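Okay, so here's the structure we're looking at.
The values are calculated or read from the model by the stated rules, or taken from the named source; none is laboratory data. Just so it is clear, the model here is predicted, and its values are computed rather than measured. Using ideal geometry, Cβ is built from the backbone for each residue, glycine included, and neighbour counts are taken over all protein chains shown. Please note that ligands, DNA and RNA were not included when accessible areas were found on the heavy atoms of the full protein model with its side chains. Shrake-Rupley method; radii C 1.70, N 1.55, O 1.52, S 1.80 Å.
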Amino acid sequence: MDKESASTMQKSVTLKSAGYVPGRLASSFKNVRQWIRRSGVSGQLLCLILVMAVFAIGTHGKYLSWANLQVILSLAAIPAIIAIGLHQVVVLGGIDLSVEGIVALCVVMVGLLAHNQFNSNNVGLWVVPITLLLGGVAGTINGLLNTKLRIPSYISTLGMSWVLWGLAVFVSKGQTIPLIDNPLSGIVNGSLFGIPDLTIVALILLFVVQVVQDRTRFGRYLYAIGGDELLSAQAGVKVDRTKILVFAIAGMFYGLSALFLAVRLSSAQAITGNNLLFPAITAIAVGGVALTGGIGGAKNAALGALIVTALNDGLILMDINPYAQEAVNGVVLVIAVALTIDRKKLGFIK
């Protein structure tokens with residue numbers, strides 16, 4: 001091989017090597033963009049980036065400090081768990097307004113059964129399955145009222161919320177129950193590599209529910225019922241059984257959230273469940289879960305909770321009037337519903 005041929009070959013190899021890495025990077029970026037587009041959360045991710053950018057400018061960078069980001073992740077964990085539970089009912093085409101009542105009763109029961117200053121009870125870690133069972137039973141009753149008595153979900157669950165809240169006040173006698181040395185305090189208030197443990201728990205639940213929705217027959221039934229309940233029944237789907245199970249699972253998520261709230265506050269009282277429903281519904285709508293059913297997933301609900309928490313955190317850092325914050329959340333909810341609702345299913349608007 002002469003010197004001229006060798007030089008030409010070397011240049012060719014050099015050019016190919018130089019273009020190889022950028023080509024792979026371009027391909028990787030393209031794959032990431034396609035994955036985000038297929039995931040159904042591209043708009044929500046853009047919304048989160050915009051919210052963070054606005055408040056980063058408004059707070060002169062304080063908003064993006066690692067300490068504040070940890071606060072956002074920590075505060076978003078429990079609303080995300082509630083939203084992951086609630087959104088499954090919404091995907092079915094229903095609604096669950098019993099969140100606050102179930103949380104109130106479960107919080108009070110945690111206070112009475114865990115080590116506390118109110119009585120001598122101390123069931124230790126058994127409080128976890130007991131709380132999950134209690135929330136699941138309450139959710140099952142919601143499902144039975146909806147399917148067997150044919151009561152619309154917004155009426156049956158609203159009534160259940162008031163019943164359970166009243167029961168929680170009666171059982172606790174309206175008092176605050178201080179908790180002592182709870183074994184779950186390390187998980188609720190701890191962190192791993194700077195990430196709050198509760199955030200990790202929420203991510204695990206998100207992953208499990210999303211896999212069930214995407215990869216199992218139960219998940220397919222969920223979306224089928226939300227898309228067209230009558231057609232699903234004609235296709236052989238056990239609609240009532242699926243609905244009852246979904247309400248029960250949602251109740252278990254509320255119960256778990258109640259447990260974490262009680263441990264975080266180191267006390268239990270019925271009013272702990274107050275003001276949890278509106279942020280959960282807002283998170284679901286902002287995340288892209290259609291209130292008419294059949295659209296959305298666990299990732300949408302969790303991301304919506306993160307967006308709402310990030311928004312409220314930024315408003316607090318900018319010292320915005322609390323009443324103005326509520327107004328902003330109301331506007332966000334209306335806009336989110338307007339963008340996600342499927343008007344073809346409504347027939348006409350009342």
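Observations
- Cβ-based charge dipole, the chain, positive-most Cα from 147, 236, 257: 236
- The fraction of accessible area contributed by carbon and sulfur in the chain is 68 percent, rounded to a whole number (1.4 Å probe; ligands and nucleic acids excluded).
- Potential lengthening between residue 70 and residue 149 on full extension [0.36 nm per residue; Cα-Cα distance subtracted]: 23.9 nm
- With the cut-off at under 15 Å, measuring from each backbone N in the stretch 48-63 to a point 7 Å along the Cα-to-Cβ line of residue 335 picks out 48-55.
- Nearest-ten-degree value, helix 153-172 long axis tilted from longest Cα axis of the chain: 60 degrees
- Stretching the chain fully between residue 42 and residue 240 yields a gain of 67.9 nm (0.36 nm per residue, less the alpha carbon separation).
- Spacing of the two label points (7 Å from each Cα toward its C-beta) at residue 214 and residue 189, in nm: 3.6 nm
- On a per residue basis, the chain carries 53 Å² of accessible surface, using protein heavy atoms and a 1.4 Å probe.
- The number of Lys pairs in the stretch 218-350 with C-alpha atoms less than 23 Å apart, excluding pairs fewer than 8 positions apart on the same chain, is 4.
- Calculated mean projected area of the Cα convex hull in nm² (choose from [x] 17.7; [y] 20.5; [z] 25.6), label: [z]
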